[in-house]
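Here's the structure, in structure tokens; my notes come after.
The values are calculated or read from the model by the stated rules, or taken from the named source; none is laboratory data. From a predicted model like this one, the values you see are computed outputs, not experimental measurements. Cβ placement follows ideal geometry from the backbone for every residue including glycine, while neighbour counts extend to all protein chains displayed. Protein only, heavy atoms only, side chains kept; ligands, DNA and RNA dropped before computing areas. Shrake-Rupley method; radii C 1.70, N 1.55, O 1.52, S 1.80 Å.
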Amino acid sequence: MIKPHNENPAGKKEQVRQMFDSIAGRYDLLNHLLSLNIDRRWRARVVRLVKRQGPASLLDAATGTGDLAIALGRALPEAAITGVDLSPEMLRIGRKKVAARFPGREFPMVEGDAERLPFADETFGAVTCGFGVRNFEDLEAGIREMYRVLRRDGELYVLEFSMPKQGNLLGLLYRFYFRRILPTIGRLVSRDTRAYAYLPESVGEFPYGERFCRLLAQAGFDHPQQTLLMGGIATIYRAKKQ
């Protein structure tokens with residue numbers, strides 16, 4: 001299991017919490033800088049899918065500073081949206097962003113563990129997770145929890161990094177950028193020596209593609225689908241609870 005600090009005896013979950021607390025103040029800047037703002041377009045693709053479903057209630061798991069939850073809130077002004085995340089510092093920033101964009105709207109940002117969600121069964125019409133599932137300590141437990149809190153006929157939308165095929169130019173360029181350039185820039189800006197080295201390592205370990213679809217099916221989701229973005233740099237997974 002890849003952890004942010006392999007020499008640290010703490011479990012992955014606690015290390016992830018500590019890592020995101022430490023980089024929270026620069027997280028949004030680095031996200032947009034390192035992705036050349038492409039991450040905004042990827043989230044917009046997810047938002048369009050969710051808007052087509054039109055759920056009345058939605059949970060954004062591993063919400064971080066709330067970028068996906070906020071985009072969903074704009075697209076679904078009548079929906080009850082909740083964010084949940086492990087990191088209190090990421091949530092502190094997320095709550096400020098939510099309050100500035102949605103004054104007077106109830107929009108809870110809850111500190112909690114995606115592998116033990118603090119919500120009753122079948123609470124939400126949709127669950128989203130943007131760039132968070134690869135950080136779960138127990139991925140299968142996190143998937144089961146997202147399934148549990150979904151209502152019948154509810155849908156799950158997961159946006160996550162993946163790896164393009166190695167045999168083409170895009171794959172070669174992406175791997176060079178991801179493994180060499182991104183960690184260096186991330187380290188300089190965030191001042192965390194490991195956070196942006198952990199990112200490519202965690203993506204390489206993550207069971208993306210058909211393997212992740214199989215995990216969704218094993219948890220009970222019906223006909224998981226995947227949509228590759230930019231040749232497989234990221235993937236949107238979509239599945240329904242029957």
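May I ask you to give the percent of accessible area on the chain that is carbon plus sulfur, with a probe radius of 1.4 Å? Intermediate values should be presented prior to the final figure.
Numbers: 5870 of 11190 Å².
Answer for the chain is 52 percent, counting heavy atoms of protein chains only.
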| remark: Unit-weight point scatterers at every alpha-carbon of the range 1-118, Debye formula, q = 0.17, 0.22 1/Å: log10 I(q)/I(0) is -0.90, -1.32
| Relative contact order of the range 182-237: what whole-number percent is it, with Cα pairs under 8 angstrom and at least 6 residues apart? | 19 percent
| message | With a 1.4 Å probe and all protein chains left in place, how much accessible area per residue does the range 1-96 have, in Å²? | response | 44 Å²
| request: Evaluate the relative contact order of the chain (contact order divided by residue number), counting alpha-carbon pairs under 8 angstrom at least 6 apart; express in whole percent. | output: 20 percent
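Where nothing but the Cβ of Lys and Arg (+1) and of Asp and Glu (-1) is charged, how large is the charge dipole of the chain around its Cα centre, in debye to the nearest 20?
Values: 37 positive and 28 negative charges, 175 e Å.
Charge dipole, the chain, about its Cα centre: 840 debye, nearest 20.
Thinking of the range 11-59 as a set of Cα atoms, what percent of all their pairs are more than 17 Å apart?
Values: 685 of 1176 pairs.
More than 17 Å apart: 58 percent of the Cα pairs in the range 11-59.
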| request: Would you rank Val189, Val16 by solvent-accessible area, highest first, keeping every protein chain in place and using a 1.4 Å probe? | output: Val189, Val16
| query | Which of these values of semi-axes √(5λ) of the Cα gyration tensor in Å was calculated from the structure shown: [x] 26, 21, 18; [y] 32, 18, 16; [z] 37, 19, 12? | reply | [x]
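At 0.36 nm per residue, minus the direct Cα-Cα distance, what do Arg175 and Glu140 gain on full extension? Give it in nm, one decimal, please. Walk me through the numbers on the way to the answer.
Details: separation 35, 0.36 × 35 = 12.60 nm, distance 2.69 nm.
That works out to 9.9 nm of additional length.
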| message | Can you show me the helix-derived [θ] at 222 nm for the chain, built from DSSP H runs with n ≥ 4 at -39,500 (n - 2.57) apiece and divided by the number of residues, rounded to the nearest 500. | response | -14000 deg cm²/dmol
| query | Among all the lysines, which ones have a C-alpha under 24 Å from Lys241's C-alpha, if same-chain residues fewer than 8 places away are not counted? | reply | Lys51
| said: Counting only GluC sites (Glu not before Pro) that sit in a DSSP loop (anything but H, G, I, E, B) with at most 12 other Cβ atoms within 10 Å, what is the longest stretch of the chain containing none of them? | reply: 107-242
| task | Enter the Cα centre distance for the pair the range 214-242 and the range 43-86, rounded to the nearest angstrom. | result | 18 Å
| Taking the Cα centre of the range 147-208 as origin and charging only Cβ (+1 Lys, Arg; -1 Asp, Glu), how large is the dipole, in debye to the nearest 20? | 160 debye
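For the range 119-199, what relative contact order do you get, as a whole percent, if you take Cα pairs closer than 8 Å and at least 6 residues apart? Could the numbers behind the result be given before it?
Values: 79 pairs, mean separation 21.9, N = 81.
Averaging sequence separation for qualifying contacts and normalising by length gives 27 percent for the range 119-199.
Counting trypsin sites (Lys or Arg not before Pro) as exposed when in a DSSP loop with at most 15 other beta carbons within 10 Å, what is the longest stretch of the chain free of them?
Working: sites that count: Arg105, Lys165, Arg191.
For trypsin sites (Lys or Arg not before Pro) (loop position, at most 15 other Cβ atoms within 10 Å), the longest site-free span of the chain is 1-104.
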| said: Taking the full set of protein chains and a 1.4 angstrom probe, give the accessible area of His223 in square angstrom, rounded to the nearest 10. | reply: 140 Å²
| field | Which of Ile181, Gly112, Leu58, positive extreme of dipole for the chain (C-beta unit charges) | value | Ile181
